[in-house]
Every structure is written in structure tokens, then in C-alpha cells.
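Working notes, structure below.
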Amino acid sequence: MFFTPLLEGNLKSHNLISEIIYYPTTKSTNKDAWELYIKNNQTRILVISDNQIAGKGRYNNSWFSSPGKNITCSLLLNQLFPIEKINIHALLIPVAIILGIKKFLFIDLEIKWPNDILFKNKKIGGILIESKQIKKKFILNCGIGLNVNETDFPLELKSSSTSLKEIKGHIVQREPLLAYILNELTDLIKNLSEKDIIKLWLTSCCHINKRICFKHNGKEVKGTFKGLDKFGMAIIEHDNKFIQYSGEIRTL
């Protein structure tokens, strides 16, 4: 069971979150968060579940998580950046996760575009950010899945996934870990330097100047991942041209 009082006790500030909702079992914390928003017209809500049975990643991929072992949660945020820089939100969340895990466990993790969390090319976590436009502003639903104490990966994921427990060799307490991540997110939002967020993301990216595959004009093509622009979009070099890109990539 996830102990929300232990999470709250490790938070440095409650400016980011006004309410924490815990469900022992749910289909989707993202879906729960939207329903709570519609009901209460309130953001700054964190929804946590020990057993998310229908979690989704980007591009409708399913998210595997054994009950009671990992972190599956969703956080409702108000739009933080101008609409032309909306993609920086997708950089902010993985940067906070990287920094929080680093402080709590002294592990250096990496980011794969735009917000997969990796350790030595194995996936530790994923983020799904959904949005709804309310009048002229967006509400952001940030779904986070982290492999914390997972050891029973399905056969098809064993070679591509790992967990913090497998890295450290011992059980990791989830509540203070999530608090460390949320504390880092609070600090980043408070300081809110777009340039710093982009710089931190680039520092942790595992495929700068490396060859990748991506979709271009309806076809999968190869290119070189060069970095990010000031709007938080990927810059990919292809056929001697630089392409601004927000879609999925595959590393080579």
C-alpha cells in the first residue's frame, strides 16, 4: 500500500499540490484526474494508484506495472509556458524525475526524446502528458509511470526494461522517492527558466548527435538528433536539412 501521509511528510512545499487522492486499484490515473477536474474544476491534484490496470503510454502503448511495486500517478497542472512553447512541459517532467532520483538514490539516469527515462538503454519510466484547452489556457494531465521495485517483467520487456530495485540491489521506498521528484518539480516551476530546463534536458539526453529513425512525410527515415530549439522541439538533421519535430523516434 502507498502511504500518502509519508509522501506528504517529505514534501518541502504544498504549492504544487493541493490534494492527494489514492486509489488502491484503478483503470487509469489520467482518466481519474480528468474526472476529478470536471467534477471540482480544480487543478493541483495528484492521483496515485497501487494497481493501474489499464495504464497507457504515448501513442496508446500499454504500460506494464505489477501491483504495489511501482509509482503510477497523474498530476494536474495549469499551463506554465506560452502556447508557442507548450512542448517545454514535456521536458520539464522528465528533468524533475531525473533530478529527484539523483538526489534520493544517487543514480544517473538518461532521457530519450521526449520523456522516456532510461538506465543504460533500458527503460525505467515513461510519461504521458494530455491536455485540454479551457478558454485560452491549457490544463495539463501529467501521467507518470516509474519501475521502482519491479522484478517480474514480461518476457518481451526483460531485455528493454529495468527498475530502480534492480539497479540498487534493494527495495526502494516509493513515498519519499516521489516526494523528492515533486520537490524538484516545485523548484523548477518556481524558478521557471525555460533555457535552464532545455539545458538540463539536453545534458541528460542519451542520443545527442546520434542516428535515429523518425517519421517524415508519412515515411520512416533516418536522421541525426541534433538537439532542441527554444520552443522545446527536437531538431533533426535529414538530407542536409534541419527539421523541427515533436513525434516519436527510434534510436539506432
Expressed as a percent, the portion of alpha-carbon pairs in the stretch 184-252 spaced more than 15 Å apart is 54
FRET efficiency for Asn217 and Glu35 from the Cβ-Cβ distance with R0 = 45 Å, rounded to 0.05, comes out at 0.70
Here the membrane-span-like helices of the chain, with no claim about any membrane, defined by DSSP H, Cα axial extent at least 20 Å and mean Kyte-Doolittle at least -0.5, are 89-105, 174-191
Looking only at aspartates and glutamates whose Cα falls under 19 Å of Lys158's and that sit 8 or more positions away or on another chain, we get Glu110, Asp116, Glu150, Glu166
Restricting to aspartates and glutamates and to Cα separations under 12 Å from Lys31, and discarding same-chain partners fewer than 8 apart, the set is Glu130
Residue span Glu166 to Asp108: 0.36 nm per residue of separation minus Cα-Cα distance leaves a gain in nm of 19.5 nm
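Percent of accessible area on the stretch 1-111 owned by carbon and sulfur, 1.4 Å probe? The partial results should precede the final answer.
Numbers: 2760 of 5170 Å².
Carbon-and-sulfur percentage of accessible area, whole number: 53.
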Summed over the other residues with a beta carbon less than 13 angstrom from that of Ile71, with K and R at +1 and D and E at -1, the charge totals 0
Magnitude of the Cβ-charge dipole (Lys and Arg +1, Asp and Glu -1) of the chain about the Cα centre, nearest 20 debye, reported as 540
Over the chain, the sum of -39500 (n - 2.57) across DSSP H runs of at least four, divided by residue number and rounded to 500 deg cm²/dmol, gives at 222 nm -8500 deg cm²/dmol
Of every Cα-Cα pair in the stretch 1-135, the percentage lying beyond 28 Å is 14
Most fluctuating of Asn217, Asn51, Asn209 in the GNM of the chain (C-alpha, under 10 Å) is Asn217
Distribution output for the chain: share of Cα-Cα pairs per 10 Å bin in percent, first bin at 0, values 7, 31, 38, 20, 4, 0
accessible surface per residue for the stretch 1-110, probe 1.4 Å, DNA/RNA/ligands not counted, whole Å² -> 47
Any aspartates and glutamates whose Cα falls less than 14 Å from that of Lys27, other than same-chain ones fewer than 8 residues away, would be Glu35, Asp50
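The values are calculated or read from the model by the stated rules, or taken from the named source; none is laboratory data. It should be emphasised that the depicted structure is a prediction, and the values quoted were computed from it without experimental measurement. Cβ atoms come from the backbone with ideal geometry, glycine included; neighbour counts cover every protein chain shown. When the accessible area is computed, the model is the full protein with side chains, heavy atoms only, and any ligands, DNA or RNA have been set aside. Shrake-Rupley method; radii C 1.70, N 1.55, O 1.52, S 1.80 Å.
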